[in-house]
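Presented below is the structure to which this report refers.
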Amino acid sequence: MSVLRMVTIGVYGFGGESFLQRLRQADVRLLLDVRQRRGVRGPEYAWANAGRLQAALARAGIAYEHHRELAPTTELRQLQYAEDDRQGVGKRSRRELAAEYTRRYTTEILERADLTPIVSELPGRGTAALLCVERDPDACHRSLIAQRLTEQHHVTIEHLRPL
């Protein structure tokens, strides 16, 4: 039986070319975008906006899928932003998710999601990547998805970071 493997990656800390290079190094063949809004503020991250990102991935031979069902709702994102404000941290410098956000994301999104189709579509060669924006996976819901994939489907996860 082959080992099921995935990676996760965020946008922050990468430029467009360094992002693609990191995906190539990890032999990513499929990128699973788990963002609600597929845009990133700031000119340095314009490459990560949906249309530009999909075009760059296509040129690199990497397939793209948007899994909005795994994205946090606006209400959940606002709950996390309120905790960020309370702690005096910005979204780009957050190190961990709020406990209430984690609890609610798990019960409202993950427990309702069927991850089996994602696992069954993992590439036979190469790997798939979960994409969101935060640099640190512990500050992002993609880590919760990754944990669930490991627990329920025995998927080995590696978190990619900027070099």
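When LEU144 is tested against (1) buried (at least 16 other Cβ atoms within 10 Å of the Cβ); (2) at pLDDT below 95, only condition (2) is not met.
Applying the condition of being of a type in the set (S, T, N, Q) and not in a loop (DSSP other than H, G, I, E, B) to the range 68-99 and asking which residue is farthest from ALA139 (Cα to Cα) yields THR74.
A search for C-beta distances below 7 Å between a residue of the range 68-89 that is farther than 14 Å from GLU100 by Cα and any residue that is surrounded by fewer than 18 Cβ atoms within 10 Å (Cβ to Cβ) and at pLDDT 95 or above, counting only pairs 6+ apart in sequence or on different chains, returns GLU69/ALA113; LEU70/ALA113. Just one of the listed residues (THR102, THR107) is more than 18 Å from the chain's Cα centre (by Cα), of a type in the set (Ser, Thr, Tyr) and not in a loop (DSSP other than H, G, I, E, B), and it is THR107.
Of the numbered criteria (1) exposed (fewer than 15 other Cβ atoms within 10 Å of the Cβ); (2) touching a Leu at 6+ places or on another chain (Cβ under 7 Å); (3) in a helix (DSSP H, G or I), the one GLU65 fails is (3). The single condition among (1) in contact (Cβ under 8 Å) with a residue 12 or more places away in the chain; (2) outside any helix (DSSP H, G or I); (3) over 17 Å from the mean Cα position of the chain (by Cα) that ALA129 does not satisfy is (3). Go through ALA26, ALA98, ALA58 for me and flag whichever is within 28 Å of THR116 (Cβ to Cβ) and free of Cβ contacts under 8 Å to residues at least 24 places away in the same chain. Every option except ALA58 fails the conditions.
Assess whether ASP114 counts as being assigned to a helix (DSSP H, G or I) and not aliphatic (A, V, I, L, M). Taking the combined requirement at face value, the residue does not satisfy it.
Among the residues of the range 75-117, those that are at pLDDT 95 or above and among the β-branched types (Val, Ile, Thr) comprise THR102, THR106, THR107, ILE109, THR116.
The values are calculated or read from the model by the stated rules, or taken from the named source; none is laboratory data. Predicted model only: the values in this text are computed from it and were never measured. We place every Cβ from the backbone using ideal geometry, glycine too, and count neighbours over all the protein chains shown.
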